[in-house]
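Working notes for the structure below.
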Amino acid sequence: MMQKQTNPYLKDHRLADVIAAITTLGLYKFYKLDFAGWANRISGPAKTANHWEQVLREHPEFFRVNSHDNKASLIWRRQNPRNFDVDAEAEILPDHQITGDAYNRISRKPLAPTEITALIGVAVNLHDRAIEEQQSRMWWIPLATAVLAFVGGLLGTLMGK
């Protein structure tokens with residue numbers, strides 16, 4: 001039997017974690033790091049690499065894991081060309097013209113504040129939808145409570161006679 005998966009936005013502190021990850025992955029000078037690197041950047045020792053790996057993997061609407069399954073990046077940022085010199089903090093020649101150690105210092109340009117704000121807005125909307133969906137599945141609880149109260153009252157009346 002297939003078990004229905006819970007929406008990841010309904011996990012404790014998940015919206016805050018997604019917002020922190022969007023902000024960090026969108027602004028840090030390197031666009032792609034391993035999970036331990038992102039854990040250190042996002043929360044320091046407060047949360048482990050395993051925690052951040054789970055967050056990043058459970059939100060493919062924002063994040064992607066590379067083909068070696070060991071590094072993650074923000075999808076929107078991956079759309080920028082890889083021509084950002086992290087040391088000079090400036091755009092440079094296309095990356096195919098750079099060789100050697102200098103190539104490792106080239107990344108994708110960080111997102112603009114408006115782009116980060118837009119992604120956070122999407123995360124908040126998805127979180128709100130998850131809560132609304134969860135609440136809509138609970139429509140029967142007030143009805144069942146009312147029926148049980150009525151039946152209990154009816155039984156109490158009948159037993160009292």
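Every condition in (1) closer than 30 Å to Gln135 by Cα; (2) surrounded by 17 or more Cβ atoms within 10 Å (Cβ to Cβ) holds for Ile106 except the one numbered (1). Residues satisfying the criterion are present in the range 13-27 (criterion: open to solvent by 50 Å² or more (accessible area, probe 1.4 Å) and over 18 Å from Ala118 (Cα atoms)). For the subset of the range 72-103 comprising residues that are open to solvent by less than 40 Å² (accessible area, probe 1.4 Å), in a loop (DSSP other than H, G, I, E, B) and touching a helix residue (DSSP H, G or I) at 6+ places or on another chain (Cβ under 8 Å), which member is modelled with the lowest pLDDT? Filtering first and then ranking leaves Asn83. In the set Ala72, Ala112, Ala90, Ala123, only one residue is of a type in the set (A, V, I, L, M) and more than 16 Å from Thr24 (Cβ to Cβ); that residue is Ala90.
The values are calculated or read from the model by the stated rules, or taken from the named source; none is laboratory data. Quick caveat, the model's predicted, so the values are computed rather than measured. Methodologically, a virtual Cβ is constructed for each residue, glycine included, from the backbone with ideal geometry; neighbour enumeration extends over all protein chains shown. Keep in mind that these areas ignore ligands, DNA and RNA; they rest on the heavy atoms of the full protein, side chains included. Shrake-Rupley method; radii C 1.70, N 1.55, O 1.52, S 1.80 Å.
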